[in-house]
Amino acid sequence: MADLTLQNLADKLPAGSLTETADDVTISLKAVTGEAAVQLADEMVAEPLSKIMSAAAEAEDDYNTANPSTQINSYPNPTFGAPVADGNGGFVASRNHTLSVRAPLNLDEITAVSV
């Protein structure tokens, strides 16, 4: 079964979002979000996760275009709710992502997940 590589994902994220050093891949939330600083106390979990999921959907589209006989259907594009005023003069909308993966029943014993 085919799956995206982390490089496929990195290619769709801003430069520096994923880096590989000494057999480890690190995600820079500053790079993903475009923020000047990100701290653990920041209330911003949804933004980087949504951007990563959108990048995965784009990478999946590219993969499926290049591999018509081996399609991946794990990262569909998000759906959006109706815009509402945010109280600060702008608008926000819900952005709903769906993720479908095949994984062993005991996730604590794996090192990779196949979709």
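The values are calculated or read from the model by the stated rules, or taken from the named source; none is laboratory data. What you see is a predicted model, and the numbers here were worked out from it, not measured in a lab. In this analysis, Cβ positions are derived from the backbone assuming ideal geometry, glycine residues included, and neighbour counts consider all displayed protein chains.
Of note:
- Single condition Asn73 does not satisfy, out of (1) loosely packed, with under 10 Cβ neighbours inside 10 Å; (2) more than 22 Å from Ala103 (Cα to Cα): (2)
- When restricted to residues that are of a type in the set (Gly, Ala, Ser) and either modelled with pLDDT under 95 or in contact with a Phe, Trp or Tyr (Cβ under 9 Å, 6 or more places away or on another chain) (or both), the range 15-32 contains 1.
- Within the range 1-38, the set of residues being assigned to a loop (DSSP other than H, G, I, E, B), of a type outside the set (Ser, Thr, Tyr) and over 17 Å from Ala66 (Cβ atoms) comprises Leu13, Pro14, Ala15, Gly16, Ala22, Asp23, Gly34, Glu35, Ala36, Ala37, Val38.
- Scan of the range 96-108 for residues that are touching a residue at least 40 places away in the same chain (Cβ under 8 Å) and either over 21 Å from Leu49 (Cβ atoms) or part of a strand (DSSP E or B) (or both), ordered by number: Arg102
- Val32 falls short of the stated requirement of being surrounded by 13 or more Cβ atoms within 10 Å (Cβ to Cβ), farther than 24 Å from Val101 by Cβ and either touching a Lys or Arg at 6+ places or on another chain (Cβ under 9 Å) or touching a residue at least 60 places away in the same chain (Cβ under 8 Å) (or both).
- If the condition is being exposed (fewer than 10 other Cβ atoms within 10 Å of the Cβ) and in a strand (DSSP E or B), then the range 83-95 contributes only Ala85.
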